[in-house]
1. Rounded to two decimals, what is the ratio between the C-alpha radius of gyration of the range 176-275 and 2.2 N^0.38 Å?
2. What ³J(HN,Hα) values, in whole Hz, does the Karplus curve 6.51 cos²θ - 1.76 cosθ + 1.60 give for the range 248-258 when θ = phi - 60°, with x put for Gly and Pro?
3. May I ask you to sort Leu126, Leu101 by Cβ crowding, counting other Cβ atoms within 10 Å and putting the fewest first?
Amino acid sequence: MCKRLILISIVLFGAFSALAQSPTGEVPPSGSMAVSPARFELEMKPGTEQTVVVNLDYRAGTLSKAPVRIMASLNDWTITKDGRVEYSRANSLPNSASPWLIYTPGEAAVVPGTIHQIRVTIAVPLNATPGDHLTSLIIEQRPESYKNEGNLKQVVVRYRMASVFYIKVPGLTKKGNFENLLAESTPGGFVITPVLKNEGNSVIRPTSSLTVIDADGKTVTEMTGLEPLPVLGGSETAQPLVVEKQLPPGTYSVKYRVDFQDGRPATEGVTDLIVKTAPQIATGNPPAKKP
């Protein structure tokens, strides 16, 4: 008997699901699993309680139609300066809301084709400080035992998903600042990196636009309706914007305009983008051949 098990662990954060990987919208052979809502933003006063439901949609593929066991847990989360969503153990970050949550069931068998519900109760303590408090409900598939008859190769797909929570305690403030603007030429185009800071205690979701102007005043690149990463309260982001467009050598003016959606007018940063001539490899004339 020959048994080969290939384990693929798929981490699904946000509204992403395995079903979304299929361009036809069909369920892949390994099945699909998704959670909704992917994000909760709940304004709650100290001393109040609220219960919400997280839905888990499991659709079996052709490889297996058996129920799967899932388990739930809590993780703190944050967004790093370079734009990564980072998860850590519950109650390890200063603004953690993990101690405020109770969920049930913590473990269950999920039948294909049904919506499985996990009830989450949030109880905000009386001494809760104003601002956003963050946590996430992690849902993952338990390792299963597989029995094979004869020679069989298996691809085992296991899922790990998150529904993130913003618990917003009144006294919310939003104050976005445009700290810096960096521009760098690359072999494939150029990279613009705005450094954005939130001095408030509640998340900001800015919108922005980019304009690049050459030495003659001509617009060579214009991008509108950009949506940078959210800037969490008391944090800073430096998210690179990669533009795959090669520009002729010269000095360009870069204008990056940001609306922090914090009740104040939009602000604009300006910097230079210097595109240098690519270095050339000098080649000499071949020596003359002797007659």
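No value in this document is a laboratory result; all are computed from the given coordinates. The structure displayed is predicted, hence computed values, not measured ones. Here the Cβ is made from the backbone with ideal geometry for all residues, glycine too, and neighbour counts use every protein chain on show.
1. Numbers: Rg = 13.8 Å, N = 100, 2.2 N^0.38 = 12.7 Å.
Taking N as the residue count of the range 176-275, the ratio is 1.09.
2. Taking θ as phi minus 60°, the curve returns x, x, x, 10, 10, 9, 10, 10, 10, 10, 10 Hz for the range 248-258.
3. Details: Leu126 8, Leu101 18.
Fewest-to-most Cβ neighbours within 10 Å comes out as Leu126, Leu101.
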